[in-house]
Every structure is written in C-alpha cells, then in structure tokens.
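The structure under discussion appears below in the form of structure tokens.
The values are calculated or read from the model by the stated rules, or taken from the named source; none is laboratory data. The structure displayed is predicted, hence computed values, not measured ones. Don't worry about glycine lacking a Cβ; one is built from the backbone with ideal geometry, like all the others, and counts go over all protein chains shown. Note: accessible area is taken over every heavy atom of the protein model, side chains too, but ligands, DNA and RNA are not part of it. Shrake-Rupley method; radii C 1.70, N 1.55, O 1.52, S 1.80 Å.
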Amino acid sequence: MQLTAPMNRDFNRELMTLVIPIALQNLISALVISIDVVMVGMISQTAMSAVSLAGQITFALTLFYMGMATGAGVLTAQYWGKKDLETIQRVLSIACTFSLCISVIFFSVTFFAPETLMRFFTKDNELIEYGSRFLQMISFSYIAMGLSQMYLTVIRSMEKARLSASISSICLILNILFNAICIFFLFPTMPKLAVAAVALSTVLARFIELACCIVHSVTRGTIRFRLPTPKGSQINLLKDFWKYTLPILGNYMVWGIALTATAAIIGHVSSDMVAANSVASMVKNLAVVLCGGIASGGSVLIGKYLGQGEIEKAKHAGNRMSLYALVFGFIAGCTILALKPLVFSIVSLNTTAQNYLDGMLYISAFYCIAKSMNATIIAGIFTAGGDSKFGFWCDTVVMWGIILPLGYLCAFVYQVPPIVLYLVISLDEVVKLPVSYIRYRQYKWLNNITRNFEQAH
C-alpha cells in the first residue's frame, strides 16, 4: 500500500500543524537554558563559563523529565488515537507523581551541596564560586519544572501543540524580561549578585509557567492535576508506563550523563574551551529545533495511527519523516554556518576562545545532519511504536564504549589539540546513524501498545 497524493497532503498538513508549534516550543526550551548563558555573558566570560557548567546539573534533571515525558507522551498519543481520556488522565497523574519526587531530590542536593557539584566540572575557584551561587538559587525552579513539563507534554500528545507552545512562550518572555532588569538595571556592576538574580529570574518564570498549566487544567482542560488512584487498571497502566519509560529514561540518562562527562573533560582541559563550547552548544541546540519538531510531531501522529490500528499508514508516515529529517538536518547545518558572523558579533570571547569556537561551529554543522536523522528515527519513530530499548543499548555502546574512552585518551593521554578533541566527542551521532537506519528498515517498531480499559473505568 502506498499513500495516495491526498493522503500525503493530509499527513503533511497534520504534521506541520504539530511540527511548527513543537519546534517553537523546542526553541523556547533551548532558549530558556541558553538565555541565562548569553545574558550573563554580557557581564563577563568567567560568569558565562560558570553558568554554562552549572547548567549541566539542570540539564541532568531535564533528562529525567524528558525520559518520563516521552514515556507519558508515547502512551498518551496511542490512547489519544482511541480517544480514551480517562486513561490519559491516569498517565498524567503517574508521570507527575514520579517527576515531583525526582525534582525534590535534585533540589535538595543542589541547594545544600552546590560547591561539591561544581568541583566535578572544574577546579577553577572563581568558576566554582559563580556557579555555586547560580545553582543554589536556580534549584527552586526544579519543583515547578517537573509538573509543568509533564502537563505540557501530555496536552501536546493530544495534538494541542499550539497551547503548549503558548504557555512556554510566556515563560521565555518573562525570563528574558527579568534577566534584563537584573543585569542592566539592578546589578550592572555587581557580577556575583547579577548571576544569582538571573537564576532567580528563571525560578519566577518557571512558577508562572506552572501556574498557567494549573489554571488551564482547571478552567478549560480535559485533564487535571490529580493523585494516582490505586485501581486495578491503574496498576496495569503503571506497569505499561515503566515498561516503555524505563528504557527511554535509561537512554536519556546514558546519553546525557555521557555528555555531562564530556563537558567535565572539556572543563579540565581549558577555560577558554569551556567558553567556546558553551556558545557552540547553544547555537547547535537552536539550529536543530525544527528537526526536534519533526521527531516529536511525527511521533504523536505515528502513535495515534498505531493506536487506531492503522499500521500501514504509520509505516509510510515513518518513511516520510525520515526523508524530512535528512532535509532539515542539512538546513540546520547551513543555518549554523550562516549564523557564524552574528554569533561572533554578539558574544565577547578572547582570541583563543574565538579560534576554538570557529572550528567547533564547522564541526557542529555536519553533526546536525546525523543528529536530525537519529533524533527522528530513535527518539521519534521507535518510541512511538514502543521500541524504546534500542536507543538505550545503542547509546550505551556508542557513548560509553567508544566516545568517552576516546575522549579521555585524547584529552589526558595523547593531549591532542582542543579542536581535535571536540571532533572526537562529536562523533557519536555519526557512529549511531547506520545502525539506527538498519533497525528502522526492520520495522519492529510498528506496535499497538494500548490496552482495553473501558470496563475497568
């Protein structure tokens, strides 16, 4: 069976309806993290490097959220195909409960031991001092982040991506506004206070975001923030949640902790390389937001098709998504190269850091092509069909068996030039691509994972 031209047009219309708001939300999520780094960079390179390293803790927490949100999103999309709102409500309750528990753990460790965490990334005392101030303040945002991210993911998987993006947009705009007030008006000549104030700005924006989610759920939402109920169907749903979430969560953790470890390697090599890497990572993350939109939006549609039992439609949707991922990967790479002059005009770096950044941006441009393909296939298509274990094992072997050992040897044994080191630690997506595509063509991801809970309701 081949999709007819009208069916292709319908799929493209459905996909773009989701992709554009989701890409906007991905852009906003990237900006919320990056905006603190950029605006603190207007104070000093040292402050920017410290906030960038401290941000690795928030990044690690975000991985937990991403894992649980993706697991919740997979179940939501398929039950949305069946229009089973009661089960979706229970999925949200389960996801919120566990995300809140993790948030409290991260808050406690970050608030009470910020210096210990910073020493993992750097031995520079000035970076540790700035980063500790930032961490201790921003830890309060963790309480709000977990709940809001679960709610936004679930409503997005119910094809309400515009609403999700609108709420996130409010958070971003307020964050930028609060940052500007702190940096330019309240503490323009007091960098230590400015760093703490920028963290507080993020905290306020996150709680406002959560408030918007709560207000919407109470006034206009079809699902609510509720505690899980110990019913028989809830137990089975909880088993399904962890069956599909644990491999995804493990995948994000294996990948994310490896990235954090590479940041630690860079942090012990050169503070100039840290500064350049913080800017390169920001540019790279912003460039691939549309690729992430393809992955997330397509995942929602494939999950819905599978939940409806339309296996062939899901298969052909996956083929079209893979093509789009390749195209938008090239576009992302070209975007990085086009933005180079603008990046150098905005960010203030010394000559050594500028040279590092120049090479990093060229490497990142090629990295985006493989990243777009892998994100769409592994994180989008595979997870939509319940094939979530592949990504975990793939990243475990590639990141921990190949990239990290090579990165360590290059940095501390062979002491290669920083740009060569950056190239080595950027090879993970290239290594994964042929393996993930072979797995994709086996079509083991075409699974309907829903249960029939009507009688239990």
Can you tell me which residue within region 113-141, out of those that are over 17 Å from residue 207 (Cβ atoms) and aliphatic (A, V, I, L, M), is surrounded by the fewest Cβ atoms within 10 Å (Cβ to Cβ)? 113
When the residues of region 278-290 are filtered to those that are open to solvent by 30 Å² or more (accessible area, probe 1.4 Å) and under 18 Å from residue 54 (Cβ atoms), which remaining residue is modelled with the lowest pLDDT? 285
Mind listing whichever residues of region 259-289 are assigned to a loop (DSSP other than H, G, I, E, B) and within 14 Å of the chain's Cα centre (by Cα)? 288
Can you report the number of residues in region 239-262 which are open to solvent by less than 10 Å² (accessible area, probe 1.4 Å) and over 16 Å from residue 72 (Cβ atoms)? 2
For the subset of region 432-450 comprising residues that are modelled with pLDDT under 90 and polar (S, T, N, Q), which member is least open to solvent (accessible area, probe 1.4 Å)? 450
Six or more apart or on different chains, Cβ under 6 Å: which pairs go from a residue in region 146-170 that's more than 19 Å from residue 16 (Cα to Cα) to one that's open to solvent by 30 Å² or more (accessible area, probe 1.4 Å) and assigned to a helix (DSSP H, G or I)? Could you list them? 146/100; 167/212
Suppose the filter is within 19 Å of the chain's Cα centre (by Cα), surrounded by fewer than 22 Cβ atoms within 10 Å (Cβ to Cβ) and touching a residue at least 12 places away in the same chain (Cβ under 8 Å); does residue 371 pass it? no
State yes or no: is residue 76 within 15 Å of residue 301 (Cβ to Cβ), open to solvent by 50 Å² or more (accessible area, probe 1.4 Å) and out of contact with any strand residue (DSSP E or B) (no Cβ under 6 Å at 6 or more places or on another chain)? no
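Yes/no matrix, rows are residues, columns are (1) in a helix (DSSP H, G or I); (2) in contact (Cβ under 8 Å) with a residue 24 or more places away in the chain:
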| residue | (1), (2) |
| --- | --- |
| 291 | yes, yes |
| 299 | yes, yes |
| 303 | yes, yes |
| 309 | no, yes |
| 313 | yes, yes |
| 318 | yes, yes |
| 323 | yes, no |
| 329 | yes, yes |
| 337 | yes, yes |
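Just checking, which of 423, 406 is surrounded by fewer than 18 Cβ atoms within 10 Å (Cβ to Cβ) and of a type outside the set (Phe, Trp, Tyr)?
Details: 423 fails: surrounded by fewer than 18 Cβ atoms within 10 Å (Cβ to Cβ).
Selected residue: 406, the only one of 423, 406 that is surrounded by fewer than 18 Cβ atoms within 10 Å (Cβ to Cβ) and of a type outside the set (Phe, Trp, Tyr).
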Quick one: which of 95, 165, 144 is crowded, with 20+ Cβ neighbours inside 10 Å and modelled with pLDDT under 85? 165
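From the residues in region 98-112 that are hydrophobic (A, V, I, L, M, F, W, C) and exposed (fewer than 14 other Cβ atoms within 10 Å of the Cβ), which one is nearest to residue 452 (Cα to Cα)?
If we take residues in region 98-112 being hydrophobic (A, V, I, L, M, F, W, C) and exposed (fewer than 14 other Cβ atoms within 10 Å of the Cβ), then 101 is nearest to residue 452 (Cα to Cα).
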Filter region 178-195 down to residues that are open to solvent by 20 Å² or more (accessible area, probe 1.4 Å) and touching a residue at least 24 places away in the same chain (Cβ under 8 Å) and give me whichever is nearest to residue 384 (Cα to Cα). 178
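Among the residues that make up region 374-381, is at least one of them open to solvent by 40 Å² or more (accessible area, probe 1.4 Å), touching a residue at least 60 places away in the same chain (Cβ under 8 Å) and under 17 Å from residue 248 (Cβ atoms)? I'd like the intermediate steps shown before the answer.
Here is the first cut: in region 374-381, the ones open to solvent by 40 Å² or more (accessible area, probe 1.4 Å) are 379.
Within this subset, residues satisfying the condition of being touching a residue at least 60 places away in the same chain (Cβ under 8 Å) are 379.
Right, trim to under 17 Å from residue 248 (Cβ atoms) and you get 379.
Yes, the conditions are met somewhere in region 374-381.
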